[in-house]
Amino acid sequence: DEDGHCTFTEGQGKELHLSSEPKYGGILIQGGIVVNADMQRQADVYINGGLIQAVGPDLKVPEGARVIDASGNFVMPGGIDPHTHLEMPFMGQEACDDFYSGQAAALAGGTTMHIDFALPSNGDLAQGFLDYEKKAAKSVMDYGFHMAVTTWNDKVAQDMEDLVKKGINSFKFFLAYKGALMVTDEQLLQGFLRCKQLGALPQIHGENGDAVALWQQKIFDDGITGPEGHALSRPSFLEGEATGRAIRLAHLVNVPLYVVHVMSKDALDEVARARQAGQHVIGEAVASGLALDESRMWDPVFDVAAKYVMSPPIRSKDHGDALQAALAGGVLQIVATDHAVFNSTQKAAGRNDFRVIPNGVNGIEERLHVVWHTMVNTGKMSPSEFVRATSTASAHAFNLYPRKGVLAPGSDADVIVLDPRAEHVISARTHHSRMDTNVYEGWKIQGKVEVTISQGRVVWENDTLHIQRGSGRFVRMEPFSPSLYEGIHKRDLLRQAEAKAHVV
Ligand code: URP
Ligand code: ZN
Ligand code: ZN
Ligand code: ZN
């Protein structure tokens with residue numbers, strides 16, 4: 001470029017610039033340790049026009065630029081939470097965080113993009129998408145959608161194609177929630193085949209819904225009506241069974257698969273086995289599964305126990321430990337939240353029957369801090385691995401990279417500054433969600449997101465949000481993500497050749 005720098009050249013210690021960077025105003029984040037998934041180094045980050053313009057050591061301060069001193073702090077890509085349910089109609093209730101309050105909470109915790117699960121309206125995907133577009137009009141940050149597929153017919157197949165054209169590249173299938181969202185194996189297989197045609201990524205909620213429904217009735221009839229019945233009626237091997245089944249059906253069809261909220265060793269073992277065999281399976285952990293344990297569901301105070309009710313259930317500590325190890329070891333790649341919040345009044349619908357406690361826990365605001373505390377402060381993950389799990393891996397899976405998930409010239413200016421020394425306490429009294437409780441209540445965390453920059457604007461600093469209703473953008477996600485689909489066709493050809501070779 002005209003100032004003689006090497007544009008877009010990779011390499012430690014180099015300055016990276018956009019060729020036509022604006023020379024006036026913007027934000028210079030100075031003196032921090034820039035952390036990407038592939039390396040960390042001392043560098044400045046220059047932002048202007050909503051994009052990262054330059055990354056490098058000792059950048060000149062452009063005229064009119066605001067300087068943020070990040071010395072001693074980590075400068076990282078904003079978090080991407082690929083699993084949220086804002087304003088979700090579910091189990092006769094509506095999740096109490098909407099696209100405004102949920103995203104405000106996200107930004108206060110350093111997450112600058114989320115991917116929400118749009119649900120069909122009475123099985124109608126097109127209408128469901130329209131409903132979610134309306135809900136999202138109040139957004140304050142970047143967001144995308146997955147779409148759930150809850151039945152199968154020609155219209156669903158057509159709607160999937162239309163939605164891919166609109167910027168959706170992933171579809172979720174629930175193997176649980178019998179009588180509501182659950183699909184049969186036949187419907188799942190049809191959905192997998194369609195995803196493959198469209199270059200979309202199928203996602204599954206792995207629990208055997210028929211078995212769960214049967215066992216919920218048994219536990220209830222045995223006289224267990226409280227929240228502990230939720231845990232007892234959904235044993236981990238039912239998660240393992242459904243996860244293994246979906247993985248095998250994806251193998252049959254030769255389609256990549258994304259397993260949402262892996263909560264147990266049983267499901268983890270299925271993901272590990274498939275990956276070891278070379279299958280393209282992505283495993284998602286959620287913050288609650290990594291960091292909490294099931295004991296609180298036995299709390300005699302209903303309001304306390306009910307706030308931990310989510311599906312698949314939060315499990316015993318040995319499961320959580322295994323999930324942490326799997327995340328550190330790369331068997332699981334992503335940490336999301338499954339943020340689906342129902343306040344104490346909403347949860348109380350299940351006071352006399354655990355089966356109608358609306359399922360879901362908070363996390364969109366806490367995720368980065370919980371993962372930092374649980375994984376980085378304990379030495380299980382490096383800051384780069386943290387960035388990969390909380391941002392970069394999602395950008396890869398959903399074809400957002402390098403627009404998102406990396407601090408590099410040309411990428412969106414979604415940036416956080418994290419002070420690894422600052423201490424804070426998580427509490428419902430100070431969080432930004434509309435929830436009246438918090439599953440991490442009282443957690444003391446070392447390491448705090450001090451500044452969040454979203455779309456090139458400082459939206460969180462000095463514990464204060466600066467957000468604007470309606471400023472959020474729908475981010476299109478294109479199909480045929482190279483990291484998922486480059487090899488699929490070749491694998492099909494090899495399989496065909498192999499099958500023919502057996503013909504005498
Ligand atoms: O309990 C949960 N997970 N609620 C949200 C819906 C889902 O299964 O992801
Ligand atoms: Zn330059
Ligand atoms: Zn789910
Ligand atoms: Zn979910």
Next on the checklist: Suppose we keep only residues that are among the acidic types (D, E) and surrounded by 14 or more Cβ atoms within 10 Å (Cβ to Cβ) within the stretch 412-444. Which one would you say is farthest from G289 (Cα to Cα)?
Outcome noted: D412
Item to check | Selected residue (criterion: nearest to S170 (Cα to Cα)) from residues of the stretch 490-504 that are of a type outside the set (A, V, I, L, M, F, W, C) and surrounded by fewer than 10 Cβ atoms within 10 Å (Cβ to Cβ) | outcome: K490
Next on the checklist: Can you tell me which of (1) more than 16 Å from ligand 3 (Cβ to nearest atom); (2) on the phi > 0 side of the Ramachandran plot is the one H261 doesn't meet?
Outcome noted: (1)
Next on the checklist: List the strands (runs of 3 or more DSSP E) inside the stretch 62-132, counting only whole elements, that have at least 2 residues being within 16 Å of ligand 4 (Cβ to nearest atom) and surrounded by 24 or more Cβ atoms within 10 Å (Cβ to Cβ).
Outcome noted: 79-84, 111-118
Item to check | Pick from the stretch 247-264, criterion touching an Asp or Glu at 6+ places or on another chain (Cβ under 7 Å) and assigned to a loop (DSSP other than H, G, I, E, B), ranking: nearest to F237 (Cα to Cα) | outcome: S264
Checklist entry - Is there a residue being small (G, A, S), away from ligand 4 (no atom under 16 Å from the Cβ) and farther than 21 Å from M160 by Cβ anywhere in the stretch 182-205? => result no
Next on the checklist: Criterion first (away from ligand 4 (no atom under 16 Å from the Cβ), more than 30 Å from Q333 (Cβ to Cβ) and modelled with pLDDT under 95) does P22 satisfy it?
Outcome noted: yes
Checklist entry - If you go through the stretch 348-371, how many residues are within 19 Å of G283 (Cα to Cα) and either touching a His at 6+ places or on another chain (Cβ under 6 Å) or of a type outside the set (V, I, T) (or both)? => result 4
Checklist entry - Name the residues in the stretch 59-86 that are of a type in the set (D, E) and under 23 Å from K404 (Cβ atoms), would you? => result D81
Checklist entry - Within the stretch 171-206, how many residues turn out to be away from ligand 3 (no atom under 16 Å from the Cβ) and on the phi < 0 side of the Ramachandran plot? => result 14
Item to check | Residue check, A213 within 16 Å of ligand 1 (Cβ to nearest atom) and under 30 Å from A157 (Cα atoms) | outcome: yes
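The values are calculated or read from the model by the stated rules, or taken from the named source; none is laboratory data. In this text the structure is predicted, and so the values were computed from the model without any measurement. Virtual Cβ from ideal backbone geometry, glycine too; neighbours counted across all protein chains shown.
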